[in-house]
1. Which ones in the range 197-216 are assigned to a helix (DSSP H, G or I) and under 17 Å from the mean Cα position of the chain (by Cα)?
2. For the range 463-471, state whether one or more residues are farther than 16 Å from residue 420 by Cα and either without any contact (Cβ under 8 Å) to a residue 40 or more places away in the chain or crowded, with 16+ Cβ neighbours inside 10 Å (or both).
3. Please state which of the following conditions residue 148 fails to meet, knowing it meets all the rest: (1) surrounded by fewer than 19 Cβ atoms within 10 Å (Cβ to Cβ); (2) in a helix (DSSP H, G or I); (3) at pLDDT below 90.
4. Go through the range 113-138 and report how many residues are over 20 Å from residue 101 (Cα atoms), surrounded by 19 or more Cβ atoms within 10 Å (Cβ to Cβ) and without any contact (Cβ under 8 Å) to a residue 24 or more places away in the chain.
5. All but one of (1) under 19 Å from residue 176 (Cβ atoms); (2) crowded, with 24+ Cβ neighbours inside 10 Å hold for residue 218; which doesn't?
6. Take residue 431 and tell me if it is at pLDDT 85 or above and either over 25 Å from residue 485 (Cβ atoms) or not assigned by TED's automatic domain parsing to the domain that holds residue 497 (or both).
7. For the range 253-269, give me each residue that is in contact with a helix residue (DSSP H, G or I) (Cβ under 7 Å, 6 or more places away or on another chain) and either touching a residue at least 40 places away in the same chain (Cβ under 8 Å) or under 15 Å from residue 282 (Cβ atoms) (or both).
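The values are calculated or read from the model by the stated rules, or taken from the named source; none is laboratory data. Here the structure is a predicted model, which is why all the values come from computation and not from measurement. Ideal geometry is used to build each Cβ from the backbone, glycine not excepted, and the neighbour counts take in all protein chains shown.
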């Protein structure tokens, strides 16, 4: 579950938090009505929350009021409307500052932090989330929502990009840090009152997501079972559906594709259109499962649905960033021209970076699929026909080529391949024909029948497969420059090597090495 955050489940738990608060009976009834959000009815939830905010203001229940604003912010965050989400979070902070209890303020800090994370401003995002954590951990006021909110904030932090100056983290290092953070989040969830079982369920789901990234699939399935235990009555449909999605992704790692398909459909049948991040994961699971079970049409169907939804979400995010920029421009009109210029330049750079990031993410996903497809085919590379198989096949290419000549050329090609003669620079079909004591026409026809479309394709495939085997099995080769790899497998230039490598694998050598290194880093 490395491609999305379960944090949107927060908006569901806060409803239960509100219902549990000891407030006047008439307000409690109003709070209970918001439970419709559990079914994903965001329009009704928004209307109810606005009414609820007015009631809270009359009763001076500012912490609850702040939590309501946080819920509204998370609703618009889920829709990809960062402008409205941020506005609600800011109102939530303003309301929460009037209360001695700080769970509302902290929740809104976490919401703003997530917006900056989505905008790839990870350092700023972590700053807001940590501000919320510090506020709650230092505050000694009795606050029933403290532990659940801290659990949420540590969950948000666990999915933030880890970056420390002068320190290079491996993927394995990052996963260990994430694991500690989700375990801390779960600790806080478990310390919350018993009527917050749903939060515990979310905590176990998040723990399972990190374990999946660490390839601890059996542990992930166990913890998803724990999540189910705390949400077995389907009190929270979104959380319940995410358990099924988690199971689909765990079984994907185990290569149990029937289970992947079963649980992916269970998720899609339960979830609603507001859970776009979950839909992306489900589509990717189904595309992979159907591909692995040789159901290509269904695989393409779900892969195309995945790309369509992903592109739509990225466009919405870019629009939202532009709106946030416009809003900030209005706020800075009273500042001096120099300050306005600096802010405009900063936001322009941010939009460029965000657009570039979305492009790179899309490019990475496509390259990852090509990488996976090619590597799955490595075991299906056409092998040299055995001598007895050729003897049984008496169909001749022409009357001029006898069976004995055909066998002689095939045996010569086998020796040519075993001795790695194909990595010699400048090799020609004429040279090889002379070495095999045959003519160019015979050699060309045998190659076309058993090996490749033509001599050049034959040599290029041998060279690329050779160098791929080297970088797959010898870590030193993954550190060499492209120019050295080209030389090592017989190509005259880096450009010709890169061109042929991409034609065969679908990827440039650089992209292939990056994806392979990431995979090896996890092993």
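1. As a first pass, look at the range 197-216 and keep what is assigned to a helix (DSSP H, G or I): 197-213.
Passing the criteria: 205, 206, 207, 208, 209, 210, 211, 212, 213.
2. Yes, the range 463-471 contains a residue that is farther than 16 Å from residue 420 by Cα and either without any contact (Cβ under 8 Å) to a residue 40 or more places away in the chain or crowded, with 16+ Cβ neighbours inside 10 Å (or both).
3. (1)
4. Total satisfying the criteria: 1.
5. (2)
6. On the way: at pLDDT 85 or above: yes; either over 25 Å from residue 485 (Cβ atoms) or not assigned by TED's automatic domain parsing to the domain that holds residue 497 (or both): yes.
So residue 431 passes the test.
7. Residues satisfying the conditions are 253, 257, 259, 260, 261, 263, 264, 266, 267, 268.
Okay, residues lined up against (1) surrounded by 18 or more Cβ atoms within 10 Å (Cβ to Cβ); (2) at pLDDT below 85:
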residue	(1), (2)
1	yes, yes
7	yes, yes
22	no, yes
29	no, yes
50	no, no
56	yes, no
69	yes, no
74	yes, no
